[in-house]
């Protein structure tokens, strides 16, 4: 496609990579200026992420049906509809998270940009090599961001994650090598034709390769989900924990979408495999979450269950319709999860005793109710759509898994609210002088604003005023 | 004059009140309660006005509003009422208003309590008005979530456990209903475009069901899922385990709402969806429903007889009477179903009155232990008299509200299943026993020493109890007032199931 060529929705080829260009420039700026002028560097990094998010929003027409704009890194990457949508979500989330990081965290913010760039590439990857590059960048960026954000005494948890991520990366690399051997190509697009041309595949070959890929991706990008809360202490700021439990999922769902068509020739086996994997994640994730006593750890483990539900979308329908459901599952999950983790840090964090009263707990309740897929907040619509697709496809067993996941989700997300609100602490009299602002009141105010913005999204999606990824229908 | 969009106003006014309350400071308790009461009062007025505009001879739904909501998901905002739902709408508005009046003494966490109670009211009203099954499910979930928080947050340590039980059981039921509704939607074709539909009126027409849905086994499974989901709320034996704990632990306004309204959702779900959409499956399940109703009638009566806590006694009594209604429903006769329909409304009124009176007792002494109450009639004669009247009505005394429904139910059941009718009669005898016990213990006799300083009946208590007492008398003496509203719709339902 040449510059200026129009799709159904007009799009200029140049537009496809503007957000990545801004992200790369922000990363370079952050790395070069990181040693000094901390405050300004952090501000510049946040500004860069905001600009990237705005450009990603403008470029939302990148997935027009008639063709795909080319990518500056060549045919290894492509910006289609799902990738453009995921890019918007990733950059917007990163901008919000970097915006609420405490002062002096400019290195962490810079590495967050690297992680974002890696995940954006992951959503655009069309070859095995591109996936490796993307995952490597995302893992290094994410883990280094956590490393810089953690104080010296608490870096043990981050170090453990480094090891897990390295192991996962190795498994992924072997998995991709096996995949290439099986399909005879690095390109996902060619793989479908090659696999179809093969007279037969060894019975366990495809599930084995897919298992390697799945385990590698999960270990490298997610690791142990509740890793960053050690007792009452937060190893890294809550916002960063939220980002690490949300952003990789966005990348993973789009990558799965790109891999599934490449295995069309073995579609029933892949679909069954995806269903089984999703069931394990749903049941395992929510059960592990249910036994956690700390809210952040509970939310982090439950994220695995949410991934399972998103994957059920793939198993539910044709790859197009399945992707739309999965994307909506993840996109409605993302703001609610990030908001809940942010507020759990703000409410339970040191210096914020007594914040159970006021608007923040109400917002937290809203996020958790949305995560539990209770109407009328955002989470219930994709869940309804998912169950509908499963029933329409006569996949009643998977429908039962999704229903069980929803039930577990209700218990996991609603029970902490009872703990939070019980006791009904007596509010101070109205004429009492307002207490002095607690420590960190500034960052708390920013957190509140960000949470309110996220909640507005959750509310609007729930009421049907916005429809995430409408063009994926 | 009934304004346009009457039903939407009735359904969403309480939700608007809840949002206003959430914006108020928690210290402004009086303002919170006033807002709650005002936003609960307006729907009562509108609902009563609607009764005068309602044509009872009309079989079609009235006050219909129909808009597109989420076309991709196939949702529509489609509401309307008929002879089955209108009395329940009136009951829901009235009981919610009176429950808020009863809950006036709630001070701890008043903001959350009143906001949740109003959200619960919106959910209940939405279920009664929805004609799109997806919309109905959305409101259903709203009711369950609000009830879960009311029970868990205001019910002490016991309430926490009750809430957990309630959440797991009712959400499992709600998911069973959802899967059943999705299966129905997928296999009912809209005659206009041939596509799947959540439209309840289209689902009622058997000609729109496809071949898959015509399979007997499939219909039985879907019916079982719907009855399971609804049965958790009624509650059907043995799905009632959450109920005694809830009654033991929550402020009286919560059991009042649960017994008088939330339980009705279960019956309504069966009557509105399961029965008419799958009549052959209903006929298949008829003996099971009647048997479960008989067990509930006896089990509830025995449970009420053996307890000391008044709230628990009332909970078991309510369970027993709803068992009787289930017997009537399962009889498939016109008189049985008419009786069950009457019982649904009068049970709501009588048990609202009983729980409101019990709330008055709890406010005075902080306990509802039967052994510690004696001689109420002498210390607070008005409250004692009203409480006695409600207990006599719960007994099923002729001339009071429960009697016409109970008598019709037994008459209908006797034709089809004499054993179930016998069980219902035993349930009524047990009701006579436990109500007599409560009257003798609480209302009559010499007052104990610790009741010497018992405050007199308060104005707001009278405000809650007197209208209910008048309705209990009116519907007992002139049941046609209610029967005329419901008869056309219920007769149509009985015809559908071949009774």
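Given the residues B:80, B:57, which is the only one that is closer than 16 Å to residue B:127 by Cα, touching a residue at least 40 places away in the same chain (Cβ under 8 Å) and not in a helix (DSSP H, G or I)?
Result: B:80 is the single residue among B:80, B:57 that is closer than 16 Å to residue B:127 by Cα, touching a residue at least 40 places away in the same chain (Cβ under 8 Å) and not in a helix (DSSP H, G or I).
Tell me which helices (runs of 4 or more DSSP H) are completely within segment A:364-473 and hold 3 or more residues being modelled with pLDDT under 70 and farther than 26 Å from residue B:159 by Cβ, or say none if there are none.
Once the helices (runs of 4 or more DSSP H) in segment A:364-473 are filtered for at least 3 residues that are modelled with pLDDT under 70 and farther than 26 Å from residue B:159 by Cβ, what remains is A:441-463.
Whether any residue in segment B:319-342 is touching a helix residue (DSSP H, G or I) at 6+ places or on another chain (Cβ under 7 Å) and more than 25 Å from residue B:411 (Cα to Cα) is what I want to check.
no
Looking at B:370, B:383, B:391, B:397, can you tell me which residue is closer than 30 Å to residue B:289 by Cβ and in contact with a helix residue (DSSP H, G or I) (Cβ under 6 Å, 6 or more places away or on another chain)?
That would be B:391, the only listed residue that is closer than 30 Å to residue B:289 by Cβ and in contact with a helix residue (DSSP H, G or I) (Cβ under 6 Å, 6 or more places away or on another chain).
I'd like the full set of residues that are crowded, with 17+ Cβ neighbours inside 10 Å, assigned to a helix (DSSP H, G or I) and away from chain A (no Cβ under 13 Å), limited to segment B:170-201.
Across segment B:170-201, the qualifying residue is only B:200.
Applying the selection to segment A:194-204, what residues are over 19 Å from residue A:255 (Cβ atoms), in contact with a helix residue (DSSP H, G or I) (Cβ under 6 Å, 6 or more places away or on another chain) and in contact (Cβ under 8 Å) with a residue 40 or more places away in the chain?
Matches in segment A:194-204: A:196 only.
Listed here are the residues, each with its yes/no results for (1) at pLDDT 85 or above; (2) on the phi < 0 side of the Ramachandran plot; (3) in contact with a helix residue (DSSP H, G or I) (Cβ under 7 Å, 6 or more places away or on another chain).
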{"site": "A:65", "(1), (2), (3)": "no, yes, no"}
{"site": "A:83", "(1), (2), (3)": "no, yes, yes"}
{"site": "A:105", "(1), (2), (3)": "no, yes, yes"}
{"site": "A:111", "(1), (2), (3)": "yes, yes, yes"}
{"site": "A:114", "(1), (2), (3)": "yes, yes, yes"}
{"site": "A:140", "(1), (2), (3)": "yes, yes, yes"}
{"site": "A:145", "(1), (2), (3)": "yes, yes, yes"}
{"site": "A:169", "(1), (2), (3)": "yes, yes, yes"}
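Consider segment A:170-193. How many of its residues are assigned to a helix (DSSP H, G or I), more than 13 Å from residue A:210 (Cα to Cα) and touching a residue at least 24 places away in the same chain (Cβ under 8 Å)?
The qualifying residues number 5.
Take the residues of segment B:153-168 that are within 10 Å of chain A (Cβ to nearest Cβ) and within 20 Å of residue B:260 (Cβ to Cβ): which is modelled with the highest pLDDT?
B:163
Those residues that are part of a strand (DSSP E or B), touching a residue at least 24 places away in the same chain (Cβ under 8 Å) and surrounded by fewer than 18 Cβ atoms within 10 Å (Cβ to Cβ), I need them from segment B:67-77; list them, please.
If we filter segment B:67-77 for residues that are part of a strand (DSSP E or B), which is where we start, we get B:67-70, B:75-77.
This time we only want the ones that are touching a residue at least 24 places away in the same chain (Cβ under 8 Å), so: B:69, B:75-77.
Passing the criteria: B:69, B:77.
Would you say residue B:104 is closer than 30 Å to residue A:461 by Cα, under 22 Å from the mean Cα position of the chain (by Cα), modelled with pLDDT under 95 and in a helix (DSSP H, G or I)?
When the stated conditions are applied, residue B:104 does not pass them.
From the list B:116, B:86, B:94, which residue is farther than 19 Å from residue B:482 by Cα and either assigned to a helix (DSSP H, G or I) or touching a helix residue (DSSP H, G or I) at 6+ places or on another chain (Cβ under 7 Å) (or both)? I'd like the intermediate steps shown before the answer.
Details: B:86 fails: farther than 19 Å from residue B:482 by Cα; B:94 fails: farther than 19 Å from residue B:482 by Cα.
Going through B:116, B:86, B:94 in turn, just one is farther than 19 Å from residue B:482 by Cα and either assigned to a helix (DSSP H, G or I) or touching a helix residue (DSSP H, G or I) at 6+ places or on another chain (Cβ under 7 Å) (or both): B:116.
Does residue B:321 qualify as being surrounded by fewer than 24 Cβ atoms within 10 Å (Cβ to Cβ) and either touching a strand residue (DSSP E or B) at 6+ places or on another chain (Cβ under 6 Å) or at pLDDT 90 or above (or both)?
no
For the structure I just gave you, tell me whether residue B:416 is more than 22 Å from residue B:311 (Cβ to Cβ), in contact with a helix residue (DSSP H, G or I) (Cβ under 6 Å, 6 or more places away or on another chain) and modelled with pLDDT under 90.
Working: more than 22 Å from residue B:311 (Cβ to Cβ): yes; in contact with a helix residue (DSSP H, G or I) (Cβ under 6 Å, 6 or more places away or on another chain): yes; modelled with pLDDT under 90: yes.
Yes: the conditions hold for residue B:416.
Could you tell me whether residue B:257 is under 19 Å from residue B:301 (Cα atoms), buried (at least 24 other Cβ atoms within 10 Å of the Cβ) and at pLDDT 85 or above?
no
Can you find even one residue in segment B:26-40 that is over 23 Å from residue B:126 (Cβ atoms), in contact (Cβ under 8 Å) with a residue 12 or more places away in the chain, within 14 Å of another protein chain (Cβ to nearest Cβ) and assigned to a loop (DSSP other than H, G, I, E, B)?
Within segment B:26-40, one or more residues are over 23 Å from residue B:126 (Cβ atoms), in contact (Cβ under 8 Å) with a residue 12 or more places away in the chain, within 14 Å of another protein chain (Cβ to nearest Cβ) and assigned to a loop (DSSP other than H, G, I, E, B).
Of the residues that make up segment A:347-359, is at least one at pLDDT below 80, in a helix (DSSP H, G or I) and within 14 Å of another protein chain (Cβ to nearest Cβ)? Working first, answer last.
Filtering segment A:347-359 for residues at pLDDT below 80 gives A:347-359.
Filter once more, keeping what is in a helix (DSSP H, G or I): A:347-348, A:359.
Then drop every residue that is not within 14 Å of another protein chain (Cβ to nearest Cβ), which leaves A:359.
Yes.
Going by what's in this entry, would residue A:420 be described as buried (at least 18 other Cβ atoms within 10 Å of the Cβ), closer than 24 Å to residue B:74 by Cβ, more than 7 Å from chain B (Cβ to nearest Cβ) and touching a residue at least 24 places away in the same chain (Cβ under 8 Å)?
On the way: buried (at least 18 other Cβ atoms within 10 Å of the Cβ): yes; closer than 24 Å to residue B:74 by Cβ: no; more than 7 Å from chain B (Cβ to nearest Cβ): yes; touching a residue at least 24 places away in the same chain (Cβ under 8 Å): yes.
When the stated conditions are applied, residue A:420 does not pass them.
Among the numbered conditions (1) under 19 Å from the mean Cα position of the chain (by Cα); (2) buried (at least 20 other Cβ atoms within 10 Å of the Cβ), tell me where residue A:150 comes up short.
For residue A:150, the exception is condition (1).
Name every residue in segment A:382-405 that is at the interface with chain B (Cβ under 7 Å from one of its Cβ atoms) and within 22 Å of residue A:460 (Cβ to Cβ), in order of residue number.
A:384, A:385, A:388
Name the helices (runs of 4 or more DSSP H) wholly within segment B:372-458 that hold at least 1 residues that are under 19 Å from residue B:301 (Cβ atoms)? Full working, then the answer.
Working: elements: B:376-379, B:381-395, B:402-416, B:418-438.
The helices (runs of 4 or more DSSP H) meeting that bar are B:381-395, B:402-416, B:418-438.
Determine whether residue B:99 is surrounded by 15 or more Cβ atoms within 10 Å (Cβ to Cβ), out of contact with any strand residue (DSSP E or B) (no Cβ under 8 Å at 6 or more places or on another chain), closer than 27 Å to residue B:358 by Cβ and within 14 Å of chain A (Cβ to nearest Cβ).
No, not satisfied.
The values are calculated or read from the model by the stated rules, or taken from the named source; none is laboratory data. Everything numeric here is computed off the predicted structure, so don't read it as measured data. Methodologically, a virtual Cβ is constructed for each residue, glycine included, from the backbone with ideal geometry; neighbour enumeration extends over all protein chains shown.
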